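Below you'll find the structure, written out as structure tokens, and then a few comments.
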Amino acid sequence: MEFAINHILINTKDMAAMILFFEQSLDLKNGPRPPFPFIGAWLWSKDAPIIHLVDTTPANQGDTSYLKSKEIAQRCGTGIIDHIAFGGKDYAALKARLKRHQLKFFERTVPLTREHQLFVDGPEGLRIEVQFQMNEIPKPE
């Protein structure tokens with residue numbers, strides 16, 4: 001059996017800030033979204049939506065029963081997700097992008113596997129990780 005991430009649904013109380021964060025940090029594009037009966041956004045990478053944002057503010061008067069109970073839909077997160085990890089391909093470009101948008105980040109290298117991790121914190125306590133193979137990381141001068 002094999003799995004791949006289709007998309008990640010994130011409840012948010014600040015839709016604009018969350019969209020801006022993903023646009024600035026990962027260069028995702030706010031794109032087409034099916035006409036769900038609640039406020040939200042789909043953020044696209046190339047030709048696929050990978051992040052589904054759902055507005056959990058009281059102003060979202062849509063039919064949130066689609067997302068289980070209204071109480072669950074209106075709170076932000078479940079406390080289970082610590083971070084979302086993506087595989088990365090261009091370390092230097094991502095690091096430059098984060099600096100250009102003045103987004104704080106930290107890095108570390110996984111022992112044994114030698115995968116290099118870059119973490120960036122977003123709105124509402126969201127943390128994303130982008131992993132790179134060590135051969136993609138420039139050696140310090």
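Miscellaneous remarks
- Around residue 15: net Lys/Arg minus Asp/Glu count, Cβ-Cβ under 13 Å: -2
- Leading residue at positive end of dipole, the stretch 84-136 (Cβ point charges), from 126, 102, 116: 102
Bear in mind that the values in this text are calculations on the coordinates, not laboratory data. No experiment lies behind these values; they were computed from the predicted model shown. We place every Cβ from the backbone using ideal geometry, glycine too, and count neighbours over all the protein chains shown.
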